[in-house]
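The values are calculated or read from the model by the stated rules, or taken from the named source; none is laboratory data. What you are looking at is a predicted structure, and each value in this text was computed from that prediction instead of being measured. Backbone-built Cβ (ideal geometry, glycine too); neighbour counts: all protein chains shown. We work out accessible area using only protein heavy atoms, side chains counted, and drop any ligands, DNA or RNA first. Shrake-Rupley method; radii C 1.70, N 1.55, O 1.52, S 1.80 Å.
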Amino acid sequence: MSSVSVTETADCLQVQGHIQYDTPDHLIPSNVHSSPLEQFHVWFNQAREANVCEPDAMSLSTATASGIPSSRMVLFKQLDKRGFVFYTNYTSRKSRELEENPQAALLFFWREMSRQVRVLGRVEKLSKEESREYFKSRPVGTRLGAWASHQSSVIGEDDLVNRLAEVQERFGVQASDKEGDIPLPDFWGGWRVIPSEVEFWLGKPSRLHDRVRYLRVEGSPDNQPQWTIDRLSP
């Protein structure tokens, strides 16, 4: 049974209730790491150990040059010294918007632990070598899918099936195969979000949540950024 109660009328759906968060731990500036990337590393591993469902799922928000936003769920694939990495089709809506407006927001929500992590920052494309190395690690079916899908374009009912058949024939590989030589498409690769702000959120009773925000010190280098750490009011 859902913890959310609602009242419905002919023209309105009103949400009336929600669970009360009651986490035993506390989140304050004095008990977090000096780097938000290191703090994220700790929290991500704790989410994995707690069997959080899809801890690598994150909301990615982008915007057009005129400021029209859009969000979608994507998979987080790497954390390095510069930031957070995900992969996608470079002709997709998200990539087109990142080309127009190279800023993004990420949000991780680990419901089972009453935790959120919010990330804001500028973006950069990964090198061909980095994208190629990751692409080779993907299952054969998803590599073929990257070639078959013209992401975010309008298609007919049978277009995707037909395109998959074409690329299977082109590369002499079936989606169910365990191995196959499938090159990286020119239109596919990784993006890195280089954070300027990271917030860690911990659910507490009466909506008095713990919030700790890292702000990057202006002018500090990408490979060794400095941060100010503050507690935010809920």
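Only residues that are hydroxyl-bearing (Ser, Thr, Tyr) and surrounded by 10 or more Cβ atoms within 10 Å (Cβ to Cβ): list them for region 1-11, please.
The initial filter retains those residues of region 1-11 that are hydroxyl-bearing (Ser, Thr, Tyr), namely 2-3, 5, 7, 9.
Selection gives 5 alone.
Against the definition (open to solvent by less than 60 Å² (accessible area, probe 1.4 Å) and touching a His at 6+ places or on another chain (Cβ under 6 Å)), how does residue 190 come out, yes or no?
On the way: open to solvent by less than 60 Å² (accessible area, probe 1.4 Å): yes; touching a His at 6+ places or on another chain (Cβ under 6 Å): no.
Answer is no for this residue.
Loosely packed, with under 11 Cβ neighbours inside 10 Å and assigned to a loop (DSSP other than H, G, I, E, B): is that true of residue 169 in this structure?
Answer is no for this residue.
Is there any pair with a first residue in region 15-38 that is within 12 Å of residue 203 (Cβ to Cβ) and a second that is hydroxyl-bearing (Ser, Thr, Tyr) and surrounded by fewer than 12 Cβ atoms within 10 Å (Cβ to Cβ) whose Cβ atoms are under 8 Å apart and which are 6 or more apart or on different chains, and what are they?
Matching pairs, first to second residue: 18/3; 19/3; 20/206.
Which residue is surrounded by the most Cβ atoms within 10 Å (Cβ to Cβ), if the candidates are limited to region 220-234 and must be of a type in the set (S, T, N, Q) and at pLDDT 95 or above?
226
Here is a yes/no grid of residues against (1) at pLDDT below 95; (2) aromatic (Phe, Trp, Tyr):
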residue: 151; (1), (2): yes, no
residue: 167; (1), (2): yes, no
residue: 172; (1), (2): yes, no
residue: 184; (1), (2): no, no
residue: 206; (1), (2): yes, no
residue: 214; (1), (2): no, yes
residue: 218; (1), (2): yes, no
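So which pairs qualify, if the first residue must be in region 137-166 and touching a residue at least 40 places away in the same chain (Cβ under 8 Å) and over 21 Å from residue 180 (Cα atoms), the second must be in a helix (DSSP H, G or I) and open to solvent by 50 Å² or more (accessible area, probe 1.4 Å), the Cβ gap must be under 6 Å, and the two must be at least 6 apart or on different chains?
152/93
Of 215, 202, which residue is under 23 Å from the mean Cα position of the chain (by Cα), in contact (Cβ under 8 Å) with a residue 24 or more places away in the chain and under 30 Å from residue 35 (Cα atoms)?
Residue meeting the stated conditions: 202.
Check region 197-204 and report whether any residue there is on the phi < 0 side of the Ramachandran plot, open to solvent by less than 60 Å² (accessible area, probe 1.4 Å), in contact with an Asp or Glu (Cβ under 7 Å, 6 or more places away or on another chain) and assigned to a loop (DSSP other than H, G, I, E, B).
Yes.
Would you check if there is a residue in region 124-142 being assigned to a strand (DSSP E or B) and surrounded by fewer than 19 Cβ atoms within 10 Å (Cβ to Cβ)?
So the first thing to find is which residues in region 124-142 are assigned to a strand (DSSP E or B), and the list is 124-125.
Retained after the next criterion (residues that are surrounded by fewer than 19 Cβ atoms within 10 Å (Cβ to Cβ)): 124-125.
Yes, there is a match, as at least one residue in region 124-142 is assigned to a strand (DSSP E or B) and surrounded by fewer than 19 Cβ atoms within 10 Å (Cβ to Cβ).
Out of (1) surrounded by 14 or more Cβ atoms within 10 Å (Cβ to Cβ); (2) without any contact (Cβ under 8 Å) to a residue 40 or more places away in the chain, the odd one out for residue 179 is which?
Residue 179 satisfies all of (1) surrounded by 14 or more Cβ atoms within 10 Å (Cβ to Cβ); (2) without any contact (Cβ under 8 Å) to a residue 40 or more places away in the chain except (1).
So how many residues does region 146-161 have that are in a helix (DSSP H, G or I) and crowded, with 17+ Cβ neighbours inside 10 Å?
3
Which of the strands (runs of 3 or more DSSP E) found entirely inside region 12-106 contain at least 2 residues meeting this: modelled with pLDDT of 95 or more and either farther than 28 Å from residue 148 by Cα or open to solvent by less than 30 Å² (accessible area, probe 1.4 Å) (or both)?
Here the list reads 57-63, 69-75, 84-89.
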